[in-house]
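Below is one structure, written out as C-alpha cells; comments come after it.
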Amino acid sequence: MELTFATLPLSGCSGCEVGLLNSDAWIGPYQLTYMPLVISGDDLPPVDTLLVTGGVGTEDDEYRLRRGRERARRLIAVGTCAISGGVANIGDRDDVREVYFAQRGRRLVPRILPKCHPIDDVVEVDLYLPGCPPMGHLYIAALFGIEGFKPSKTVCIDCGRRKTRDRPTALTGFQSGEVDPELCLINQGYMCIGSSTRGGCGAPCTRAGNPCVGCRGPSDGFISRSREEWFTAIKKVFARMTDIPPEAVDDVIRSPQYSLFTFQFADYTGRQRDPEKVL
C-alpha cells in the first residue's frame, strides 16, 4: 500500500521544501498529496505523514497547524523555524507589524502573533528534523525510518578534517582568507561550532571550507540544557585548541552571523525534548 505525505508551510522561507525536492528517493514508496510550493489544492487531505515547515507566526498558522495535526497520523517538525521559531524571531516584531498593517487596506493579511513559536507550543510532534534546510538523506530517514540510521554525534565527526597543534591567536573573518582544504577550521582560526552541533548532515559546509554555524542545533548532550551551557562548551573547545581570547570567541558567537542559530536554539534547549525524537 502506497503511503501518503504532505508538507504544511507556516511562517518560513520554503527552503525546507526545496531541500525535499532535491531528493527524489521518496518517489514511488510515498505519494506526495499536498505541497503548496508545487501542488495546488484547496485543502490538506488526510495523510500518513505531515512535514511541517516554518514557525507559528500568525493566527492563520496556528489554525492550519491544529487542523494539520488532526489529519496526520504522524507529524514531523522540519527545519530551524518549525523547531525553534526561526528567522522570524530575529529583529523587532513591531516593525513587522507595521508592514503588515500597511497592507491591510489592499489585501487580507493574517493577524501576526507577538512571537513566532516553535510548532510544539501548539501541537504534539512525533519527530524533529533540524537543519536549515535538512539534507536530502535526512528527509528519507525521517519518512522511511531507515533501520539502524542514527546521526553522528557532532558535525566534527562528519567533517573529518585533520587537527594539528597549531594554536591561532586571533579569529579569521567569516569566509575570508585562504582555507586549507585538509586542516581543521579551528586550527586555521575560523569560528566553527561543529564540535557541539548535531551531526548527521554529512558536514557539507565545513568540507567546502565554510565554518559550521550550528543550523542542526545542539548535539544530544545539550538538547535538554541551557543555551549558555552550549556556548560554554564551544568556548572550551577554543580554549583547548587555540590561544584566541575567550571574549573574542564570545563576541562572535553572539554576532549576527551566528545568532540566527545559536540564539534560536535558546527555544530548543531546556524544553526537555526527547533526544530519541530528534533525527
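What follows is calculated from the coordinates using simple rules that are stated; it is not laboratory data. Just so you know, these numbers come straight off a predicted model, no measurement behind them. All Cβ positions, glycine included, derive from the backbone under ideal geometry; neighbour counts span all protein chains shown.
General observations
- For the stretch 231-239, Karplus couplings with θ = phi - 60° (6.51, -1.76, 1.60), whole Hz, Gly/Pro x: 4, 4, 4, 4, 5, 5, 4, 5, 5
- Estimated vicinal HN-Hα couplings, Hz - the stretch 204-219 in sequence order (Karplus 6.51, -1.76, 1.60; Gly, Pro = x): x, 5, 5, 5, 8, x, 10, x, 5, 9, x, 5, 7, x, x, 5
- In terms of other Cβ atoms within 10 Å, Val252, Val52 run from fewest to most in the order Val252, Val52.
- Annotation: amide H-H contacts under 5 Å for Gly57 (H modelled 1.01 Å from N, sequence separation of 5 or more, or interchain): Ser11, His117.
- Distance between modelled label sites at Arg254 and Glu124, nm, 7 Å Cα→Cβ extension: 4.0 nm
- Projecting label points 7 angstrom from Cα along Cα→Cβ for Asn22 and Asp243 puts them 4.0 nm apart.
- Checking the cross-link pairs Lys153/Lys236; Lys115/Lys236; Lys163/Lys277 against a 29 Å limit on the alpha carbon distance flags Lys115/Lys236; Lys163/Lys277 as lying beyond it.
- This ranking places Lys163, Lys236 by how few other beta-carbon atoms lie within 10 Å of each, fewest first, which gives Lys163, Lys236.
- Stokes-Einstein D (µm²/s) once Rh is taken as the Kirkwood radius of the stretch 155-264 over alpha-carbon pairs, at 4 °C in 1.567 mPa s: 94 µm²/s
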